[in-house]
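The values are calculated or read from the model by the stated rules, or taken from the named source; none is laboratory data. Everything quoted here is computed from the prediction, not taken from an experiment. Here Cβ is always computed from backbone atoms with ideal geometry, including for glycine, and neighbour counts include all displayed protein chains.
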Amino acid sequence: MGKLSLLNFRKATQIILIFTLLAVFMPPVNMVKASSVDKASLSAPFCQCVVYIKNKFKLSGSAGQAKNMGPFLQSRGFVKLTVPRPGEVIIMQPGFHVKDSAGHVAIIQTVTTVWVNGVESWKIQVRGANQPGSRWTESNCNNVSYWSFTSPKTDKRATYYGKK
């Protein structure tokens with residue numbers, strides 16, 4: 001055997017020895033059977049924001065684009081609010097932190113008052129689908145995330161809806 005072949009043979013022998021020792025001395029790993037939630041997570045589809053809201057609140061019917069969801073929500077027992085509240089729905093018009101011409105809709109998680117350059121503003125965190133943030137599966141949507149933004153309280157490009 002040449003010098004190079006002998007080195008390759010020794011490395012291969014060491015690798016086999018390491019794997020053999022690991023197999024013999026490593027404690028067994030408990031195999032956990034996937035729960036029905038895990039299986040649902042694997043099969044949940046990518047959702048648009050409107051679909052997530054409909055799934056989350058168990059709403060049916062055609063809702064149209066996010067920016068036009070107000071009448072749809074009102075016809076299903078929601079009322080228009082004057083201020084954002086946790087647990088309620090926010091409808092964002094195009095240009096209000098979203099570039100999409102369809103707008104965006106999500107559920108408000110937290111709301112705080114902040115001052116930005118002398119302007120009283122809302123700092124809002126929302127939970128929704130098809131938006132920035134680390135994603136997880138919820139309400140049969142595999143792309144749900146938290147997203148935060150700040151906006152002047154006088155900005156009328158967002159509307160808020162809550163259950164009666």
One residue from Ser134, Ser139, Ser43, Ser75 being under 19 Å from Lys164 (Cα atoms) and small (Gly, Ala, Ser): Ser75
Residue satisfying all of: in segment 54-63; exposed (fewer than 12 other Cβ atoms within 10 Å of the Cβ) and of a type outside the set (Lys, Arg); nearest to Thr154 (Cα to Cα) among these: Ser62
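Here is a list: Gly87, Gly70, Gly61. Which entry is part of a helix (DSSP H, G or I) and either of a type in the set (Phe, Trp, Tyr) or at pLDDT 95 or above (or both)?
Values: Gly87 fails: part of a helix (DSSP H, G or I); Gly61 fails: part of a helix (DSSP H, G or I).
Step by step, each of Gly87, Gly70, Gly61 is checked, and only Gly70 is part of a helix (DSSP H, G or I) and either of a type in the set (Phe, Trp, Tyr) or at pLDDT 95 or above (or both).
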Search result, residues across segment 88-100 that are under 23 Å from Lys56 (Cα atoms) and either free of Cβ contacts under 8 Å to residues at least 12 places away in the same chain or under 18 Å from the mean Cα position of the chain (by Cα) (or both): Glu88, Val89, Ile90, Ile91, Met92, His97, Val98, Asp100
Options Val51, Val119, Val114, Val79: the member that is surrounded by fewer than 17 Cβ atoms within 10 Å (Cβ to Cβ), assigned by TED's automatic domain parsing to the domain that holds Thr154 and in contact (Cβ under 8 Å) with a residue 60 or more places away in the chain: Val79
Looking only at segment 115-145, and only at residues there that are in a strand (DSSP E or B) and small (Gly, Ala, Ser), the one that is farthest from Val98 (Cα to Cα): Ser121
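Keeping to segment 65-93, report how many residues are aliphatic (A, V, I, L, M) and over 12 Å from Val50 (Cα atoms). Break it down stepwise before answering.
Step one: of segment 65-93, the residues aliphatic (A, V, I, L, M) are 66, 69, 73, 79, 81, 83, 89-92.
Still in the list and also over 12 Å from Val50 (Cα atoms): 79, 81, 83.
Matching residues across segment 65-93 total 3.
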